[in-house]
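Colleague: One structure coming up, written as structure tokens, with questions to follow.
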Amino acid sequence: MPSAILIALIPLLPLFTFLVLGLYRRKVFKNASGIIGTLSLLISFVIAVFTAYSYFHIHQGSHPAEIPFKYTWLQFNEGMSIDMGIQLDSISVMMIVVVTFVSLMVHIFSLGYMKGEERYPTYYAFLSLFTFSMLGLVLSSNIFQIYIFWELVGVSSYLLIGFYYDRPSAVAASKKAFIVTRFADLGFLIGILILSFYANTLDFNTLIATFTTQTPELHNALASTFLDVSALTWGLVLVFMGGAGKSAMFPLHIWLPDAMEGPTPVSALIHAATMVVAGVFLVARLFPIFSLSAPAALDIVAYVGILSAFLAAIIACTQTDIKRVLAYSTMSQIGFMMFALGVSGYGGENGLGYTASMFHLFTHAMFKALLFLGAGVVIHFIHSNDMKDMGGLRKYLPVAHITFLIACLAIAGVPPFAGFFSKEEILLAAYNSNPTIYYIALVTSALTAFYMFRLYFSIFWNKPTPLYSSAGEGAGGEVHHHKGPFVMSLPLIILAIGAALAGFIHFGNFVSSDGQPLESHFNPMFSIAPVTIGVIGIAIAWVLYKKQNDKPERIASALSSLYRATYRKFYIDEIYLFITKKVLFNLVGRPAAWFDRNVVDGMVNATGNATATLSARIKKIQSGRVQGYAIYTLVGVIALAVLFIYLWK
Amino acid sequence: MTIEPGLYHLLFISTALFFIGVYGFLTRRNLITMLMSIELILNSVNINFIAFNKYLWANRLDGVMFTVFVIAIAAAEAAVAIAIIINLYRSHQSIDVQKAEELKY
């Protein structure tokens, strides 16, 4: 096992990079900042892989949680303290590898993509801050520690979404993301307070042990109810609310599509591969409690997950901004991970959903980062996000074309690409425990295949190969079209290899709900339905979008009201605006403002005015005339004399 | 007819002296005169001390000692006060106490 200092370096190196680049960005590291950030992250990545290797090498057969480092930061009472610690277990070890890997790819990609940006060093500083926070989050050993890093992740996401702060839309999107997730985090905080109140601990392992064995604390938490729901369930549902906010689950998903205003590599890193799965990670972290002591909360996780997956897949079919399609696809895939956790049981064969969820998290990080980076190459080339401006690009961007195709096949669940295996396990877990969810998930995976290939065909086929002037020739007012340097192709190729081959990992050997290896059986008969339905989805996309034709418009006009509702994302944003602007502002905000201005301010002003009036009167005593003062003294002395002589008996 | 002076005579003198001092302090505008009035007040106290010492505790020296203290402190006070008056004169070209009103700021 590597020493604690070495493991601590994994998150601390990006933190150090952030500080150095943030402080000296203008003067010292103007152009070298990208290289510095990338190299420091490369070291982090190597240490992370080494840690993962030694962890799984030592713990073959079972995967206990190890805490190589723990520092008590704030002690409340016996047993309850906020610690800063590092916890290594199978999911945190997996996550540090995923986070450092995707982050490294994005760092390399950004060397080309962000080149020439005015705030290039700032960009790398923010990326490092994000990587630090995310690594801290997954390594946390204490639920309050995870909350601290959770907020840090939110801040760095806010900073990066609003990176182009001269665009009003980016500013609005960053504020929206921050406010929506912050609102969800309120639930998370209350959940933490409820759980720790009953368990009298904030430490993850103690918390899980307390709530999964027959302890007085567990009975107490189950016995005290609110609205006929036990306190434990309330606590977990509120914690899940925080997770749902960060993971863009319905109905807290509204920030994710807007978050695409950030630079594309940022979307790949934060809003596809790492930060948005923090909610899944959180549920997985507390999974034993969910599964063993609060099945009702786990059901909520399952239904929220499947609803988000289905809804997002439908919306993704009609969007034309390629990054928004990918955003909704992300939401849909995270929904898959969520309901996989929701349908899972604890231990042994029942824990298949847990393993499948983590497996899908792993493969999804590969192919979704790849899709976003591929979209980044396309946007870099076309200078537009709208798929109407694209088409026939396969000749110009061969690398992006092939890798994008691999990623699409992976997400559509075509064997033998990575997504096939993980999605297969999820569907199997759903089939075994809840058929309703299984059938909705099946339809959703058909939709997934359809919208991904709609995207693919619209970008790379659809129109006849257009004529673009190649790099350097586009002089004058023409827009430059160039496919980007090698540093932008390299991450695509590496991620494509990952997206193609990651499925062959026997994930059950590494990650399972109870730490014991899980033997997953590959069942060809079961795979027939999902693969067939996926291929049908691809075929429909082929017919509609391979060549330019009017069929999509005809279908859209045939289903006009449904199409319009879907295109407008089911008016969820409008509902939110109505609730906040019309209802909350008018019914709560304005009366509160009136009360504040008239009553609270009035009281303060009245106090001030009274003091001012009184002092204006009193200050005449301070005349500056010495003899006046002498008279006061004399009168005082006489008064005291009278008092002592005649009245004080 | 001659009257032997007693305690009451002395107290009468000291009271008269005290109120003459107070009157002077309150009515004169000239700082030097006010200082002199303060000296009158202090000396009336001295007479009180001496008188009580002589007529009530003739075998002790407390009153005399206090008087010596008061004289010493009065000398010091006069030195300080005159220093202040000189400075005031330098800045205001006057030792009229009513011209020094703005010193309150």
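The values are calculated or read from the model by the stated rules, or taken from the named source; none is laboratory data. Everything numeric in this text was worked out from a predicted model, so none of it was measured. Please note: Cβ atoms are built from the backbone with ideal geometry, for glycine as well, and neighbour counts cover all protein chains shown. The area values use the complete protein model at the heavy-atom level, side chains included, leaving out ligands, DNA and RNA. Shrake-Rupley method; radii C 1.70, N 1.55, O 1.52, S 1.80 Å.
Colleague: In segment B:86-105, what residues are polar (S, T, N, Q) and within 11 Å of chain A (Cβ to nearest Cβ)?
Modeller: Correct list: B:GLN98 only.
Colleague: Hey, does segment A:320-341 have a residue that's in contact with a Lys or Arg (Cβ under 7 Å, 6 or more places away or on another chain) and surrounded by fewer than 24 Cβ atoms within 10 Å (Cβ to Cβ)?
Modeller: Yes, there is a match, as at least one residue in segment A:320-341 is in contact with a Lys or Arg (Cβ under 7 Å, 6 or more places away or on another chain) and surrounded by fewer than 24 Cβ atoms within 10 Å (Cβ to Cβ).
Colleague: Being more than 19 Å from B:PHE12 (Cβ to Cβ) and out of contact with any Gly (no Cβ under 8 Å at 6 or more places or on another chain) is the filter here, so list the residues in segment B:24-46 that pass it.
Modeller: Answer for segment B:24-46, where residues must be more than 19 Å from B:PHE12 (Cβ to Cβ) and out of contact with any Gly (no Cβ under 8 Å at 6 or more places or on another chain): B:PHE25, B:LEU26, B:THR27, B:ARG28, B:ARG29, B:ASN30, B:LEU31, B:ILE32, B:LEU35.
Colleague: For segment A:157-176, which positions are in contact with a Ser or Thr (Cβ under 6 Å, 6 or more places away or on another chain) and either open to solvent by 60 Å² or more (accessible area, probe 1.4 Å) or outside any helix (DSSP H, G or I) (or both)?
Modeller: A:TYR158, A:GLY162
Colleague: Another question, then. Quickly run through segment A:217-270 and pick out the residues that are part of a helix (DSSP H, G or I) and hydroxyl-bearing (Ser, Thr, Tyr).
Modeller: Correct list: A:THR233, A:THR264, A:SER267.
Colleague: Next up: Show the residue pairs meeting these rules: Cβ distance below 7 Å; 6+ apart or different chains; first residue within segment B:79-94 and under 18 Å from B:GLU39 (Cβ atoms); second residue outside any loop (DSSP other than H, G, I, E, B).
Modeller: Cβ pairs passing all conditions: B:ALA81/B:LEU35; B:ILE85/B:LEU31; B:ILE85/B:ILE32.
Colleague: Further, regarding this structure: Filter segment A:21-35 for residues that are aliphatic (A, V, I, L, M) and crowded, with 19+ Cβ neighbours inside 10 Å and give the result.
Modeller: Matches in segment A:21-35: A:LEU21 only.
Colleague: Six or more apart or on different chains, Cβ under 7 Å: which pairs go from a residue in segment A:626-649 that's within 14 Å of chain B (Cβ to nearest Cβ) to one that's surrounded by 10 or more Cβ atoms within 10 Å (Cβ to Cβ)? Could you list them?
Modeller: Matching pairs, first to second residue: A:VAL626/B:VAL97; A:GLN627/B:LEU26; A:GLN627/B:VAL97; A:ALA630/B:PHE25; A:ALA630/B:LEU26; A:ILE631/B:LEU26; A:LEU634/B:VAL22.
Colleague: Moving on to the next point. Just checking: which of the helices (runs of 4 or more DSSP H) contained wholly in segment A:575-649 hold 3 or more residues that are open to solvent by 80 Å² or more (accessible area, probe 1.4 Å)?
Modeller: Passing ranges, in order: A:601-618, A:626-642.
Colleague: For segment A:179-195, enumerate the residues that are buried (at least 20 other Cβ atoms within 10 Å of the Cβ) and among the aromatic types (Phe, Trp, Tyr).
Modeller: A:PHE188
Colleague: If I filter segment B:2-34 down to residues being crowded, with 18+ Cβ neighbours inside 10 Å and out of contact with any Leu (no Cβ under 8 Å at 6 or more places or on another chain), which single residue comes out as nearest to the other protein chains (Cβ to nearest Cβ)?
Modeller: Within segment B:2-34, the match that is nearest to the other protein chains (Cβ to nearest Cβ) is B:PHE25.
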